[in-house]
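Visitor: For reference, the structure I am asking about is given below.
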Amino acid sequence: MTSLPASTAVKLGLVIDLDTCVGCHACVISCKEWNTGGYGSALADADAYGDAPLGAFLNRVHTFEVKPEEGPATVVHFPKSCLHCDDAPCVTVCPTGASYKRAEDGIVLVNEDACIGCGLCAWACPYGAREMDPVEKVMKKCTLCVDRIYNENIVEEDRIPSCVRTCPAGARHFGDLNDPASAVSELVAARGGFDLMPEQGTGPVNKYLPPRPRTPEPVPDLPDLADLAADARETRAEGFFGWLDRALERL
Amino acid sequence: MHPAYSIIFFTVSSGAGFGVLAALGLAAFLGLTPQGGLYWAGFVIGFGLSMAGLVSSTFHLGHPERAWRALSQWRSSWLSREGVLAIVALALAGAFALSLLMGGQGRLLGLLTAAFSLITVYSTSMIYAQLKTVQRWCQPLTPVVFLCFSLAGGALIYAFLAQVFAGGAGVLPTVAALLVFLAWGAKLGWWRRGDTAPVLSTPESATGLGAMGKVRMLEAPHTGGNYLLKEMGYKIGRKHQARLRQIALMLGGIVPVFATLFASWGLWPGLFLLMAVLAFLGGLLAERWLFFAEAEHSVMTYYTRT
Ligand code: SF4
Ligand code: SF4
């Protein structure tokens, strides 16, 4: 049924720290790698070595410029994947029941065998978190690595989403956002985590942490570089060459 | 949004087809039982257009062989409801056609056929009108526009058939002209709202970084294209848009209204009604192409460079 569960006791999701993300795209690659061999059909590319390659990705890193009224702009790297929304519009529009939200942990998934590839769910998602597989013609989306997090065949520290495990900057966190005592919930509370596009009414579970404010001191006025160079020349001349230099100048 | 031909054809053709079935049903309900050539041509065109549209809609599916699964989620999904209602409407229309063939009046079945045909068109429109992500579609006038165009198309075609097969269309051309007029009134209001409504989602709300300043894309996530840009990144040029709106209004509105009026004054009524029908359908194809091409999706806020 593509009706949404009334509520889910556990809300698994990600917390993404926009202050720490360095925009290296490691999470993009690890996601692609894991999902090419894991859950469902391979996450395909079309024309991978041709002129116009086009691939399906479940996680993409955008880079934005944020320009205040005054002062220099900030560059923010911005990873984006499915936010496993509480009121997921992608689920309710699905005509086949292929899209569903799990009552036990809130993960939004696609049953690929039932998907007719109509693409309506991708239209309904405001964030662009769903992409049609160019080869299998079924809808793909972030599974929150449902095939890792409960997988007892892999070592315990690997039982988190691949992107979280991979991030070299520690910018991605995974946990139960319904539990106020969880590490992720505390992080959200401490850092003022926020929702993307709250006006769309999707109730996203994933949260984003804002970049920390810049260091308050203003950049000190730099002395004129030409003066600096001139000063350096004067003080550099010491010893015999210094004497020679001064002697020659006096001539 | 990307204007896919299969969907444009689907909405225009099935809208007109269900409009014709509704016209046949209403005629019977009012005691003007369609007979002879009018009966046969009416049902052939009504069934033909609506079924051609439905078949065309499966062409854009990744897995058309699983299309039957789309009938299962009518409790939550408008797309699913649309499929189920279309089948119910066609089945009722079949029963209605049969009852007329057997000499019945088909009053009740006619009324049911008309009602379910229009509910089907309504549910088609709700597939688009429910999407908060596409602001231009998500307005109460969207179903009004779809329903009015469907009724106007049905009335025009029915008037033409009545002229040809029943030797005169009576007040039908006037009714059709009124409906065309109404439909375009709704459409102009729809355009106005879509052009002037303040945008719901911005790069600032999409990233949550608005408090820090103005947000714009510095680097796209990939140098190549992607599904999102292909499907939702379609952008129509301003000049093109204005020109196409004029063409749609001229062909789909002004020509049919004048042609039906000439017909109602007894001036080559058959010819003018045929002209009205063809111009109307042509104008509607342009209108439906624009319906997709003009619509902007919230995901594009993540790809805004300005
Ligand atoms: S982010 Fe998009 S795909 Fe994911 S649950 Fe929300 S609406 Fe659905
Ligand atoms: S593309 Fe698949 S999952 Fe998405 S709405 Fe259509 S059938 Fe459902």
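Visitor: Determine the gain in length on full extension of the stretch A:R159-A:N111; use 0.36 nm per residue of separation and subtract their C-alpha separation, reporting nm with one decimal.
Guide: That works out to 15.1 nm of additional length.
Visitor: Taking H as built 1.01 Å from N, whose amide H comes closer than 5 Å to the amide H of A:F174, not counting residues under 5 places away?
Guide: Those qualifying (amide H under 5 Å, at least 5 residues apart or on another chain) are A:V15.
Visitor: So, for chain A, what is the accessible surface per residue at a probe of 1.4 Å, expressed in square angstrom?
Guide: 49
Visitor: Which lysines have a Cα lying under 28 Å from the Cα of B:K239, excluding residues fewer than 8 positions away in the same chain?
Guide: Partners found: B:K132, B:K187, B:K230.
Visitor: Here is a follow-up. If you roll a 1.4 angstrom probe over the protein chains with everything in place, what fraction of the accessible area of the protein assembly as shown belongs to carbon and sulfur, to the nearest %?
Guide: Solvent-exposed carbon and sulfur of the protein assembly as shown make up 64 percent of the total.
Visitor: If the only charges are +1 at each Lys and Arg Cβ and -1 at each Asp and Glu Cβ, what is the size of the charge dipole of the protein assembly as shown around the Cα centre, to the nearest 20 debye?
Guide: Here the size comes out at about 2240 debye.
Visitor: Using only the alpha-carbon atoms, how far is helix B:172-196 inclined from the longest principal axis of chain B? Give it as 0 to 90 degrees, nearest 10.
Guide: The helix B:172-196 is inclined about 10 degrees to chain B.
Visitor: Which GluC sites (Glu not before Pro) in the stretch A:1-103 pass both tests, a DSSP loop state and at most 10 other beta-carbon atoms within 10 Å?
Guide: Hits after loop and neighbour filter: A:E69, A:E70.
Visitor: Then there is this: Buried accessible area for the B:A pair, summed, 1.4 Å probe, in Å² rounded to 100?
Guide: 4700
Visitor: Would you mind checking which residues have amide H under 5 Å from A:H62's amide H? H placed 1.01 Å from N; only 5 or more apart, or other chain.
Guide: HN-HN under 5 Å from A:H62: A:F78, A:K80.
Visitor: Taking B:K214 as the anchor, which aspartates and glutamates have their alpha carbon closer than 14 Å to its alpha carbon, excluding any fewer than eight residues away along the same chain?
Guide: Those aspartates and glutamates meeting the cut-off are A:E65, A:E69, A:E70, B:E204.
Visitor: What does the helix-only formula give at 222 nm for chain B: each DSSP H stretch with n ≥ 4 adding -39500 (n - 2.57), the total divided by the residues, and the result rounded to the nearest 500 deg cm²/dmol?
Guide: Computed mean residue ellipticity for chain B: -22500 deg cm²/dmol.
Visitor: I would also like to ask the following. Tilt of helix B:78-101 relative to the longest C-alpha principal axis of chain B, in degrees (0 to 90, nearest 10)?
Guide: Roughly 10 degrees between the two axes.
Visitor: Under the Kirkwood approximation for Rh and a Cα-based Rg, what ratio Rg/Rh is obtained for the protein assembly as shown?
Guide: Value, to two decimals: 1.15.
Visitor: Additional query: Select from the stretch B:191-218 all residues whose loss of accessible area on going from the chain by itself to the full protein assembly reaches 20 Å² or more (probe 1.4 Å).
Guide: Going by heavy-atom accessible area, the residues of the stretch B:191-218 that drop by at least 20 Å² are B:L200, B:S201, B:S205, B:A206, B:T207, B:G208, B:L209, B:M212, B:K214, B:V215, B:R216, B:L218.
Visitor: Could you do me a favour and compute the accessible area per residue for the stretch B:35-91, 1.4 Å probe, result in Å²?
Guide: Result: 49 Å² per residue.
Visitor: Also: Provide Rg and Dmax in Å for the stretch B:54-180, with only Cα atoms included in the calculation.
Guide: 17.1, 50
Visitor: Another question about this same structure. Given chain A, what count of lysine pairs have C-alpha atoms under 22 Å apart, with each pair 8 or more places apart or on different chains?
Guide: 21
The values are calculated or read from the model by the stated rules, or taken from the named source; none is laboratory data. All of these numbers come straight from a predicted model, not from anything done at the bench. Reconstructed Cβ throughout: ideal geometry from the backbone, glycine too, with neighbour counts over all protein chains shown. Only protein heavy atoms, including side chains, enter the accessible area calculation; ligands, DNA and RNA are left aside. Shrake-Rupley method; radii C 1.70, N 1.55, O 1.52, S 1.80 Å.
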